[in-house]
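K.L.:
The structure that follows is given in the form of structure tokens.
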Amino acid sequence: MSKALVIFFSRADENYNVGQVEVGNTEIFANNIVEKLKADGVEVDTFKIVPQNPYPAGYDDCVAQATSERQMDERPEYVGDVDLAPYDTIFFGYPIWWGDMPMIVYNFLEKHVFTGKNFVPFCTHEGSGESGTFATAGGLAVGANVEAGLAIQGKLARQEGGKKQVNYWIDQTRV
């Protein structure tokens with residue numbers, strides 16, 4: 001039996017197109033993945049990428065910080081870490097921030113080696129789709145077998161229709 005790990009970065013607080021939320025869109029997506037995998041009998045763990053210095057709660061302030069990080073090519077630090085060795089499949093999720101992955105996601109990917117793992121990217125967005133980030137993330141997942149990813153609009157991730165898309169996608173994914 002395979003063992004999976006769901007790694008994700010998600011931001012709650014004020015989000016574009018969904019307003020003030022307690023749980024971020026990508027975290028809801030990740031939780032739906034975990035629920036489906038467990039229902040299918042897959043042993044699954046999670047790791048949430050949590051910034052050492054939290055992003056601002058206000059949307060405009062978060063945009064300003066994220067824009068600065070991108071312009072300066074920064075790699076924000078995160079709390080803790082996870083050993084990828086015990087896992088066969090890594091689901092890896094993030095929001096699309098202005099057409100790209102958040103810089104903290106680059107930091108995580110660049111610090112790990114994914115040799116021999118099935119790497120399955122997923123993301124939330126508000127209209128841009130995956131913006132080419134599945135190829136970018138797959139390229140940074142050194143040594144991985146990259147599987148087909150899934151991009152879901154953030155507000156859809158919060159609805160039953162999003163959960164149905166996740167379930168169908170996982171049924172098509174090699175886990």
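The values are calculated or read from the model by the stated rules, or taken from the named source; none is laboratory data. These numbers were taken from a predicted model, which means no experiment stands behind them. Here Cβ is always computed from backbone atoms with ideal geometry, including for glycine, and neighbour counts include all displayed protein chains.
K.L.:
Does any residue in the stretch 156-175 that is part of a helix (DSSP H, G or I) come within less than 7 Å, Cβ to Cβ, of a residue that is among the polar types (S, T, N, Q) six or more places away or on a different chain, and which pairs are these?
P.N.:
Listed pairs, sorted by first residue: 157/25; 157/124; 163/32; 166/32.
K.L.:
Same structure, new question: If you take the residues of the stretch 1-13 that are surrounded by fewer than 18 Cβ atoms within 10 Å (Cβ to Cβ) and among the small types (Gly, Ala, Ser), which of them is farthest from residue 163 (Cα to Cα)?
P.N.:
Of everything passing the filter in the stretch 1-13, 2 is farthest from residue 163 (Cα to Cα).
K.L.:
If you don't mind, there's one more thing I want to ask. Of everything in the stretch 14-35 that's closer than 21 Å to residue 80 by Cβ and free of Cβ contacts under 8 Å to residues at least 60 places away in the same chain, which residue is surrounded by the fewest Cβ atoms within 10 Å (Cβ to Cβ)?
P.N.:
Only one residue fits best here, namely 23.
K.L.:
Do you know which of the residues in the stretch 119-143 that are within 15 Å of residue 88 (Cα to Cα) and under 15 Å from the mean Cα position of the chain (by Cα) is surrounded by the most Cβ atoms within 10 Å (Cβ to Cβ)? Break it down stepwise before answering.
P.N.:
The first filter runs over the stretch 119-143 and keeps only residues within 15 Å of residue 88 (Cα to Cα), leaving 119-121, 141-143.
The next check asks that each one be under 15 Å from the mean Cα position of the chain (by Cα); those that pass are 119-121, 141.
On the way: 119: 24, 120: 29, 121: 25, 141: 23.
The selected residue is 120.
K.L.:
Follow-up. Are any residues in the stretch 73-122 part of a strand (DSSP E or B) and out of contact with any strand residue (DSSP E or B) (no Cβ under 8 Å at 6 or more places or on another chain), and if so, which ones?
P.N.:
Scanning the stretch 73-122 gives 97, 100.
K.L.:
So in the stretch 35-56, with the set limited to residues that are part of a loop (DSSP other than H, G, I, E, B) and in contact with a Lys or Arg (Cβ under 8 Å, 6 or more places away or on another chain), which one is farthest from residue 118 (Cα to Cα)?
P.N.:
So, considering only residues that are part of a loop (DSSP other than H, G, I, E, B) and in contact with a Lys or Arg (Cβ under 8 Å, 6 or more places away or on another chain), the one farthest from residue 118 (Cα to Cα) is 55.
K.L.:
Also: Being under 25 Å from residue 138 (Cβ atoms) and touching a Lys or Arg at 6+ places or on another chain (Cβ under 8 Å) is the filter here; which residues of the stretch 8-21 pass it?
P.N.:
8, 9, 10
K.L.:
Another question, then. Does residue 73 count as farther than 15 Å from residue 166 by Cβ, surrounded by fewer than 12 Cβ atoms within 10 Å (Cβ to Cβ) and touching a helix residue (DSSP H, G or I) at 6+ places or on another chain (Cβ under 8 Å)? Steps first, answer last, please.
P.N.:
Details: farther than 15 Å from residue 166 by Cβ: yes; surrounded by fewer than 12 Cβ atoms within 10 Å (Cβ to Cβ): yes; touching a helix residue (DSSP H, G or I) at 6+ places or on another chain (Cβ under 8 Å): yes.
The answer is yes for residue 73.
K.L.:
What residue, among those in the stretch 98-154 that are under 19 Å from residue 30 (Cβ atoms) and charged (D, E, K, R), is modelled with the lowest pLDDT?
P.N.:
It comes out as 126.
K.L.:
Going by what's in this entry, would residue 153 be described as polar (S, T, N, Q), surrounded by 14 or more Cβ atoms within 10 Å (Cβ to Cβ) and touching a residue at least 24 places away in the same chain (Cβ under 8 Å)? Show your work before the answer.
P.N.:
Working: polar (S, T, N, Q): yes; surrounded by 14 or more Cβ atoms within 10 Å (Cβ to Cβ): yes; touching a residue at least 24 places away in the same chain (Cβ under 8 Å): yes.
Answer is yes for this residue.
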